[in-house]
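The values are calculated or read from the model by the stated rules, or taken from the named source; none is laboratory data. Quantities reported herein were computed from a predicted structural model and do not represent experimental measurements. Heads up, the Cβs are rebuilt from the backbone with ideal geometry, glycines too, and the neighbour counts pull from every protein chain shown. Protein only, heavy atoms only, side chains kept; ligands, DNA and RNA dropped before computing areas. Shrake-Rupley method; radii C 1.70, N 1.55, O 1.52, S 1.80 Å.
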Amino acid sequence: EIPAAERCCPACGLPAQPFPGTEDSEVVEIEVRAHRRKIRRRRYRPACQCGVLPGILTAPIPPKLIPKGRYGVSVWVQVLLDKFVFLRPTYRLLADLRTHGLDLAQGTVTGGLKALSPLFAPIYEALLEKNRSETRWHADETRWQVFVQTEGKAGYRWYVWVFSSTSTVLYKLDPSRSSQVPKDHFVGVAEGILNVDRYVAYKCLASSSVIILAFCWAHVRRDFLAVAKDRPGLEAWAMGW
């Protein structure tokens, strides 16, 4: 509304008359707050004396993503997106959620992610099948700390392996860096070309004559640089390559 004093003519003092409609504009805002959704289930009492029904009949509890969990689907969607799409550490997400009125414990998030993990198994298996169905891949591995006690293993150093094709990127977390990991991944593959560095674990695949190894050019280049450095007489030849 325009203040009343500003709606009058400064010369004669007569007030301006209302005119139909409004002058509209938009401002984009973000307002996110955690809220509790109340679920009220109807109860009934049998009118008969047959004794077949229990004393009180209650509507069933709506299904939950995590049985007996108190957090809804939207909370876990937020956790999954924040962690695996936006790659934000969990403690920062929890600090952010507190500004929206939700005090969520880190142990709750950890336990919830463990409970949700089996739900993604079919997706992972489908990605694995699709990855194996192609004929061109890149593979690599790097160390990854996993703070769990594993029988027969000293320390927390695991390895995360990646197998990338045209349409899929598949990760595998494994306690070892052995050749058994790529062997297991390519079980059933008829043919293909695998681009890798020259880590010895991949060379076991070449002996099967099913998969051709194509070594990374950056790693091959290092050989020529090493020759140029260690053998001055071959420096021109090596640098030419």
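Being touching a His at 6+ places or on another chain (Cβ under 9 Å), surrounded by 14 or more Cβ atoms within 10 Å (Cβ to Cβ) and over 16 Å from Arg143 (Cα atoms): is that true of Val196 here? Here the answer is yes, as Val196 does meet what is asked. Here is a list: Leu53, Leu81, Leu104. Which entry is part of a loop (DSSP other than H, G, I, E, B), of a type in the set (A, V, I, L, M, F, W, C) and open to solvent by 60 Å² or more (accessible area, probe 1.4 Å)? Only one candidate qualifies: Leu53.
Condition test on Lys130, is it under 30 Å from Tyr202 (Cβ atoms), part of a helix (DSSP H, G or I), open to solvent by 70 Å² or more (accessible area, probe 1.4 Å) and among the charged types (D, E, K, R)? Step through it out loud before you land on a result.
Values: under 30 Å from Tyr202 (Cβ atoms): yes; part of a helix (DSSP H, G or I): yes; open to solvent by 70 Å² or more (accessible area, probe 1.4 Å): yes; among the charged types (D, E, K, R): yes.
For Lys130, the condition - under 30 Å from Tyr202 (Cβ atoms), part of a helix (DSSP H, G or I), open to solvent by 70 Å² or more (accessible area, probe 1.4 Å) and among the charged types (D, E, K, R) - is met.
Residues that are out of contact with any helix residue (DSSP H, G or I) (no Cβ under 9 Å at 6 or more places or on another chain) and either closer than 20 Å to Ser208 by Cα or basic (Lys, Arg) (or both) within the range 147-191 comprise Lys153, Arg157, Asp184, Ala190, Glu191, listed in sequence order.
Could you count how many residues in the range 205-232 are in a loop (DSSP other than H, G, I, E, B), on the phi < 0 side of the Ramachandran plot and surrounded by fewer than 12 Cβ atoms within 10 Å (Cβ to Cβ)? Outline the logic, then answer.
Pass one, the range 205-232, residues in a loop (DSSP other than H, G, I, E, B): 207-210, 216, 231.
Subset that is on the phi < 0 side of the Ramachandran plot: 207-208, 210, 216, 231.
Checking the rest, the ones that are also surrounded by fewer than 12 Cβ atoms within 10 Å (Cβ to Cβ) come to 207-208, 231.
Here the count works out to 3.
The single residue among Val32, Val28 that is touching a residue at least 40 places away in the same chain (Cβ under 8 Å), in a loop (DSSP other than H, G, I, E, B) and over 26 Å from Ala115 (Cα atoms) turns out to be Val32. Can you name the residue in the range 133-169 that is β-branched (Val, Ile, Thr) and under 18 Å from Gly192 (Cα atoms) and, of all such residues, is least open to solvent (accessible area, probe 1.4 Å)? Once the filter is applied, the top-ranked residue is Thr168.
Between Ser167, Ser176, which is part of a loop (DSSP other than H, G, I, E, B), small (Gly, Ala, Ser) and either under 21 Å from Val220 (Cα atoms) or in contact with an Asp or Glu (Cβ under 8 Å, 6 or more places away or on another chain) (or both)? Outline the logic, then answer.
Working: Ser176 fails: either under 21 Å from Val220 (Cα atoms) or in contact with an Asp or Glu (Cβ under 8 Å, 6 or more places away or on another chain) (or both).
It is Ser167.
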